[in-house]
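Everything below concerns the one structure shown next.
The values are calculated or read from the model by the stated rules, or taken from the named source; none is laboratory data. No experiment lies behind these values; they were computed from the predicted model shown. Neighbour counts run over all protein chains shown; Cβ positions are idealised from the backbone, glycine included.
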Amino acid sequence: MFEVATIAVLIALTLAVIRATRGPTIFDRLLAANSVGTGAILLLSLFGFLTHRPEFLDIGLTYVLLNMIGTFAVLKFFRHGALGHVGDEDERTKIL
Amino acid sequence: MIELLLTYLSWGCLGVGSVFYVIGAIGLNRMPDIFTRMHAVSVGDTLGAGFLVLGMLLVAGPTLVGAKLVMIILALLFTGTVATHALARAALQDGVQPVLAGKSGKLTACDAAEAVQTLKDLVRTSTPKADKDSDRAGHTNTKGGQRSSKR
């Protein structure tokens, strides 16, 4: 059954990569990249169980944190044009 | 007996998780705009990943591997929601226009402030204390003060 789940995750990864290449806006590509990150974590865990050596889970845990930090870094860069920007005043006070 | 039951339960969880994960990926490709795509992906990231990890957890049992799996799914659930929220907010502030079904039922892209007002009107008219005059006044107010997009 781990084989089926692995193949399903691989199909989902392929579809996410297709969206990342097609995506009209930068946010579509970013969403697809985030999805690819989640898929990679699941693939790592499933592959570990598939080969009866579930020691890849630590790498998966690290990848979760890297994935979120990467998404936020790219988001901040495309909103402000710089990673060291402090944020606009109206963005901090005003809620949409 | 118990082990056989756990194995079958794990197979079921893995199968259900695979189905949900592929459904989320298909939605990522077929939905019309960024916000609906986010909605589709959230299905795969919560139910799909949750069932897949639950299936692996039933195989692993109460060991160190199981504890790591619990930490992975907790981290995925927390970071996924926060990242999606930041993504939606950044897209709205950048001026990405959500595709909404108007009164005619046709899908059209509209301004972010207009979309928020439309959703607020929908919520207000669905409650029993709806007042049509104030509804319309609120709509024209926001139309005058639309936020200009950055691009």
Inset, instruction - Please determine, by comparing only the residues of the range B:13-32 that are at the interface with chain A (Cβ under 9 Å from one of its Cβ atoms), over 15 Å from residue B:84 (Cβ atoms) and not hydrophobic (A, V, I, L, M, F, W, C), which one is surrounded by the fewest Cβ atoms within 10 Å (Cβ to Cβ). - result: B:29
Legend entry - Check on residue A:26, at the interface with chain B (Cβ under 10 Å from one of its Cβ atoms) and modelled with pLDDT of 90 or more: no
Inset, instruction - Kindly indicate the residue of the range A:1-30 that is among the β-branched types (Val, Ile, Thr) and under 21 Å from residue B:56 (Cβ atoms) and also farthest from the chain's Cα centre (by Cα) among those meeting that condition. - result: A:4
Legend entry - Hits in the range A:21-80 (condition: touching a residue at least 24 places away in the same chain (Cβ under 8 Å), closer than 21 Å to residue B:13 by Cα and β-branched (Val, Ile, Thr)): A:38, A:41
Inset, instruction - Within the range B:33-61, track down each residue that is charged (D, E, K, R) and buried (at least 21 other Cβ atoms within 10 Å of the Cβ). - result: B:37, B:45
Inset, instruction - Output yes when any residue across the range A:1-10 is among the charged types (D, E, K, R) and within 7 Å of chain B (Cβ to nearest Cβ), and no when none is. - result: no
Inset, instruction - Search the range B:62-89 for residues being more than 18 Å from residue A:76 (Cβ to Cβ), crowded, with 17+ Cβ neighbours inside 10 Å and hydrophobic (A, V, I, L, M, F, W, C), and hand back the single one that is farthest from the other protein chains (Cβ to nearest Cβ). - result: B:73
